[in-house]
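Student: Here it is: the structure, laid out below.
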Amino acid sequence: MTGLAQYLAERLASRPELVSVELEAGAARPVVVIRAHQEDIPEILGRRGRTVRAIRALYAVYAAKTGRRAEISVNPLPPEEAP
């Protein structure tokens, strides 16, 4: 489930080696958490959130086909992990 988000985030980021994607348990449904370097966050979000909305739309199609729904969250890396 995280493979698609990992692929897309790495292609968008200028530092793909610092991108990490994890699946966390959420209150209502699982959450796919994309973590990237602070400078790469705007690239993943896009103008006015258009890029992340497109990623969410792809996950909606995936959910319709497989029945596995998830939320998408984009966060910066913690300071101790960022170079």
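Student: Those residues that are farther than 15 Å from P76 by Cα, touching a strand residue (DSSP E or B) at 6+ places or on another chain (Cβ under 9 Å) and without any contact (Cβ under 8 Å) to a residue 24 or more places away in the chain, I need them from the range 29-58; list them, please.
Tutor: Scanning the range 29-58 gives a single hit, R56.
Student: Something else: Could you check the range 32-57 and list, in sequence order, the residues that are aliphatic (A, V, I, L, M) and closer than 19 Å to S20 by Cβ? Write out each step before concluding.
Tutor: Our first condition is that a residue be aliphatic (A, V, I, L, M); within the range 32-57, this holds for 32-34, 36, 41, 44-45, 52, 54-55, 57.
Scanning the range 32-57 gives V32, V33, I34, A36, I41, I44, L45, V52, I55.
Student: State the number of residues belonging to the range 16-27 that are in contact with an Asp or Glu (Cβ under 8 Å, 6 or more places away or on another chain) and either without any contact (Cβ under 8 Å) to a residue 24 or more places away in the chain or surrounded by 15 or more Cβ atoms within 10 Å (Cβ to Cβ) (or both).
Tutor: 3
Student: Show me the strands (runs of 3 or more DSSP E) found entirely inside the chain where at least 2 residues are out of contact with any Ser or Thr (no Cβ under 8 Å at 6 or more places or on another chain).
Tutor: Numbers: elements: 20-24, 31-36, 71-76.
By residue number, 20-24, 71-76.
Each reported figure results from applying straightforward, stated rules to the coordinates on display, with no laboratory input. If you're wondering where the values come from, they're calculated on a predicted model, not measured in any experiment. Neighbour counts run over all protein chains shown; Cβ positions are idealised from the backbone, glycine included.
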